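The values are calculated or read from the model by the stated rules, or taken from the named source; none is laboratory data. These figures come from a predicted structure and were not determined experimentally. Because the Cβ atoms are built from the backbone with ideal geometry, glycine has one as well, and the counts that use them run over all protein chains shown. For the accessible areas, the whole protein counts, side chains as well, though only heavy atoms, and no ligand, DNA or RNA atoms are used. Shrake-Rupley method; radii C 1.70, N 1.55, O 1.52, S 1.80 Å.
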Amino acid sequence: MKQEMECRVLSIQSHVVRGYVGNKSASFPLQVLGFEVDSINSVQFSNHTGYAHWKGQVLTAEELNVLYEGIKLNNVNHYDYVLTGYSRDVSFLEMVVDIVAELKKANPSLVYVCDPVMGDHGAMYVPEMLLPVYRDKVVPVANILTPNQFEAELLTGRKMKTEKDAVEIMDLLHKMGPETVVLTSTDLHSKLGDPYLVVLGSQRIVKPDGSSSSQKIRMDIPKVDAVFVGTGDLFAAMLLAWTHHHPKDLKAACEKTVSLMHHVIKRTITYANEMAGPGKKPSPAQLELRMVQSKKDIEDPALVVEATVL
């Protein structure tokens with residue numbers, strides 16, 4: 001039997017001792033799905049910053065470079081994917097771009113999956129100096145981009161009021177570089193009513209003759225009334241995995257990704273409410289994603305949401 005080629009991901013994200021965000025949110029599900037994951041922890045914190053207390057260290061751009069140099073000296077800097085999430089330092093982000101560029105030289109078919117984490121609901125929670133770095137340096141080298149509505153608006157300088165705006169914004173993002181764009185959350189009105197969140201995706205496929213076709217999809221997802229941390233990191237990691245298995249079918253990849261998210265969130269909120277007790281609001285610790293308990297869903301998510309092709 002021919003050995004299946006291993007697929008290796010370099011994931012540069014935050015790390016927490018307790019709970020699930022960043023690399024902790026991405027590594028386990030990717031490994032369950034058969035990917036080798038090499039993690040560089042951009043920060044190492046005791047827990048995510050939504051708790052009352054947190055302590056830890058932040059990796060500098062120089063330290064990132066030292067780790068990468070070590071990998072390179074041993075000639076094991078061969079990757080199929082790079083995955084990045086939250087970063088709040090300009091020089092760190094620029095170093096990531098340099099590393100991605102070098103890895104793409106070594107493997108031209110490398111896919112860079114970038115979640116351009118800058119803010120949400122009209123407010124930035126990273127320094128504003130990061131926006132031009134994302135727009136001018138990161139997005140042009142990204143293959144798959146997973147911004148929320150606010151981040152997509154920041155990157156393109158366009159406002160999103162309608163589905164037509166969203167489609168135009170995704171096309172603008174394609175022009176900037178990425179072949180696949182998924183707007184992970186929007187404030188657009190769902191045809192199914194208020195308790196639904198609208199997610200949109202677009203994939204541009206260039207044919208051998210140079211012409212291109214695109215697939216655009218829309219998904220209406222039931223909202224859950226709670227604040228979860230690490231879901232964006234899980235989304236980007238699972239989109240990486242399912243686009244790997246369905247490279248030319250964004251609809252299938254998004255259905256699996258979103259369905260898995262649904263199962264994990266449902267399991268988490270059920271557990272958190274049980275732990276908190278009747279009428280009490282669950283704590284950040286109780287709302288940590290039920291990742292290990294969702295192993296079977298990660299391996300084979302039962303589809304609960306269907307995407308519409310636009």
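Protection proxy ranking for 128-134, 237-243, using the average of other Cβ atoms within 10 Å per residue and placing the highest first: 237-243, 128-134.
Rounded to 0.05, the FRET efficiency of the D171 and D194 pair, given R0 = 30 Å and the Cβ-Cβ distance, is 0.60. Figure legend: label point modelled 7 angstrom from the Cα of Y125 along Cα→Cβ; residues of segment 32-48 with amide N under 15 Å from it are 47-48. When Rg and the Kirkwood radius Rh are both evaluated on Cα atoms of the chain, their ratio Rg/Rh stands at 0.94. From largest to smallest, the equivalent ellipsoid semi-axes obtained for segment 240-285 from the alpha-carbon gyration tensor read 33, 8, 6 Å. Between K280 and Y51, the simple spin-label model (points 7 angstrom out along Cα→Cβ) gives 1.8 nm.
Amide H to amide H, with H built 1.01 Å from N, C7 comes under 5 Å of E36, counting only residues 5 or more places away or on other chains. Take F45: with every protein chain present and a 1.4 Å probe, its accessible area is about 30 Å².
Placing unit charges on the Cβ atoms only, positive for Lys and Arg and negative for Asp and Glu, gives the chain a dipole magnitude near 500 debye about its Cα centre. Given H placed 1.01 Å from N in the peptide plane, which residues other than close sequence neighbours of Y112 have an amide H under 5 Å from its amide H? Here the answer is V82, N143, I144, since their amide H atoms fall under 5 Å of that of Y112.
Taking a straight Cα-Cα cut-off under 22 Å and skipping sequence neighbours fewer than 8 places away in the same chain, the lysines within cross-link reach of K248 are K104, K175, K207, K216, K256.
In this rough spin-label picture, where each label sits 7 Å from Cα along the Cβ direction, the D38-Q293 distance is 3.5 nm. With the simple model of a label 7 Å out from the Cα in the direction of the Cβ, D98 to T60 spans 1.4 nm.
Sorted on the mean count of surrounding Cβ atoms within 10 Å across their residues, most packed first, peptides 5-18, 264-277 read 5-18, 264-277. For segment 167-230, the average shadow cast by the Cα convex hull is 5.7 nm², which is a quarter of the hull's surface. Residues in segment 301-310 carry Karplus couplings, in order, of x, 5, 6, 10, 10, 10, 8, 9, 7, 7 Hz; the curve used is 6.51 cos²θ - 1.76 cosθ + 1.60 with θ = phi - 60°, and Gly or Pro positions show x. Apply 1/(1 + (r/R0)^6) to the Cβ-Cβ distance of R158 and L303, taking R0 = 41 Å, and write down the FRET efficiency to the nearest 0.05. About 0.80, to the nearest 0.05. Measuring between alpha carbons in the structure, the pairs from K164/K295; K105/K296; K24/K223; K251/K280; K161/K281 lying more than 30 angstrom apart are K164/K295; K105/K296; K251/K280; K161/K281. Scaled against the 2.2 N^0.38 Å expected of a compact globular protein of N residues, the Cα radius of gyration of segment 180-287 reads 1.28. Taking the accessible area of segment 23-151, probe 1.4 Å, and keeping the other protein chains in place, the carbon and sulfur fraction comes to 55%. Taking all protein chains into account, the per residue accessible area for the chain stands at 49 Å² (1.4 Å probe).
Rg ratio for segment 42-92: its Cα radius of gyration over 2.2 N^0.38 Å, N being its residue count, equals 1.41.
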